[in-house]
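Take a look at the structure below.
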Amino acid sequence: MNVRVWKWQFWQQIVLALVLGAAVGALINALGDGGAIAEDWLDPFGGVYVSLLKVVVVPLVFAAIVVSVGRLRGVGGVARLTAKTLVWFVITSAIATAIGLAVGLLVRPGEGLGRLASESAETDPVTWTQVLQNLFPSNIVNAMSEGNVLGVVSFAVLFGAALVAVGERGERLAALADDLYAVMQKIVWWVVRFTPVGSFFLIASVVATYGPDSLAPLAKFTGAIYLAVAIMLLVGYPVLLRAFGRVSPVKFLRNSWPAIQFGFVSSSSLATLPIAQRVSVERNGVRGEYASFAQPLGATVKFDGCGAIYPAVAAIFVAQYTGASLGLADYALIALAGVIGQLGTGGTPGPALVALTLTLTTVGLPLQAVGYLIAIDKVIDMARTALNVTGQLTVPVLVARSEGLLDEEVFNAPPADLTAPQGEPAAEEGSRDKVPATA
């Protein structure tokens, strides 16, 4: 094997970074106060990498939506594509919620526990007023600075539609948005090249902070979450992809693995969005005009892990831990909250905690029990986010197939190299030299 790591295939570099990061994190955890060391020496570097990805999200989303709204007119109706996307969001969320409920009832994670340490779990309730404010912000500049991506998406759709409506007078602004999109894609490419380094610090921090002892009291709950995520990831989505997308689920997972892997490490759908968007177009073969619209929308309101599986399993945990009894009506309410609540949590910080609060409030379970789960939230969040990203990549494939916007040659070809500049010829994953010498 070539000892020059920078010449390795991109996925090999990331795997090496994860292995080394886990080893370093385990060593730090064994030596002493791993959490303090991680906070002082690991988190800053991992945080910088995630921040670099997040800082490009708002301008990338805005430019992508504006550009895609105009281009979507040539590939199909915007309203129809949006409706189909949202319908599949609901269907996949319902399936994920059902899997979460089934696993929770089977594993029974809240039984046989002693008194657990509780941490603060304060969150503002989700109201329809908040949903409308997030969807239609009064100040778009504030929405951008506060990271309200849902508001940015809605404003970008209006802006793009207006550019189309004014015709020739909007051509210069449309060209400017197209240029902005190209610039943001170039910045994303630069940042993506540092993914192995960022992955090392992110995974090292998690392992250093959370040792085996911290997971022991809630091992059944953690296992239930990972089991439900695995079922949805390896059974739920593949069945839909085979039956409705008529594509190979194995090939889909291989194509999508860089985004799923980064979602797991970063615990952020928005930070993963630039990578996921390239995966959707360059590996899964989704038409660029539609992917530029569907991926940002999915990263904003599509949370099968945070908003469906996690609240379902956690609600059963809380009921079993506190001795509360749930009936069929309660399970139906949990399912409804998991499906509909995602639209309400879009654009809010900590969507998993907000979604769980909404679910527990809906069925009348005590919110105080949420504090028991916060200690292991980071470990659980990794699995939740990986599933979020997978769902956000699955739905565009399903819709693109039904609309004739899926390029099977791209989907079935050897996975494209994501470190190559977008819009330029990319080497296949099997090639030797993966990273060009210059930008």
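Scanning segment 60-73 turns up no residue that is within 24 Å of the chain's Cα centre (by Cα) and among the charged types (D, E, K, R). What do you reckon, is residue 438 outside any helix (DSSP H, G or I), closer than 21 Å to residue 90 by Cβ and modelled with pLDDT under 80? For residue 438, the condition - outside any helix (DSSP H, G or I), closer than 21 Å to residue 90 by Cβ and modelled with pLDDT under 80 - is not met. Being under 19 Å from residue 295 (Cα atoms), crowded, with 19+ Cβ neighbours inside 10 Å and not hydroxyl-bearing (Ser, Thr, Tyr) is the requirement here; does residue 253 meet it? In short, no. Out of 197, 188, one residue alone is open to solvent by less than 20 Å² (accessible area, probe 1.4 Å) and either hydrophobic (A, V, I, L, M, F, W, C) or at negative phi (or both). It is 188. Applying the selection to segment 362-420, what residues are over 14 Å from residue 286 (Cα atoms) and among the acidic types (Asp, Glu)? Result: 377, 381, 417.
If you scan segment 339-355, which residues turn out to be open to solvent by 30 Å² or more (accessible area, probe 1.4 Å) and modelled with pLDDT of 65 or more? Across segment 339-355, the qualifying residues are 340, 351, 353.
Of the residues in segment 193-216, none is closer than 24 Å to residue 321 by Cα, of a type in the set (Val, Ile, Thr), assigned to a helix (DSSP H, G or I) and modelled with pLDDT of 85 or more. Once segment 303-338 is narrowed to residues that are without any contact (Cβ under 8 Å) to a residue 40 or more places away in the chain and outside any loop (DSSP other than H, G, I, E, B), the residue that is surrounded by the most Cβ atoms within 10 Å (Cβ to Cβ) is 337.
All conditions but one from (1) open to solvent by 10 Å² or more (accessible area, probe 1.4 Å); (2) modelled with pLDDT of 90 or more apply to residue 295; the one that does not is (1). When we screen 247, 279, 239 for residues that are modelled with pLDDT of 90 or more, outside any helix (DSSP H, G or I) and within 14 Å of residue 394 (Cβ to Cβ), the only hit is 247. Collect the residues in segment 276-322 that are in contact with a strand residue (DSSP E or B) (Cβ under 7 Å, 6 or more places away or on another chain) and hydroxyl-bearing (Ser, Thr, Tyr), keeping them in residue-number order. 280 - this is the single residue of segment 276-322 that is in contact with a strand residue (DSSP E or B) (Cβ under 7 Å, 6 or more places away or on another chain) and hydroxyl-bearing (Ser, Thr, Tyr). Of the residues 286, 250, the single one that is under 30 Å from residue 157 (Cα atoms) and more than 13 Å from the chain's Cα centre (by Cα) is 286.
The values are calculated or read from the model by the stated rules, or taken from the named source; none is laboratory data. Predicted model only: the values in this text are computed from it and were never measured. As a convention, Cβ positions derive from the backbone with ideal geometry for all residues, glycine included, and neighbour counts pool all protein chains shown. The accessibility values were calculated without ligands, DNA or RNA, using every heavy atom of the protein model including side chains. Shrake-Rupley method; radii C 1.70, N 1.55, O 1.52, S 1.80 Å.
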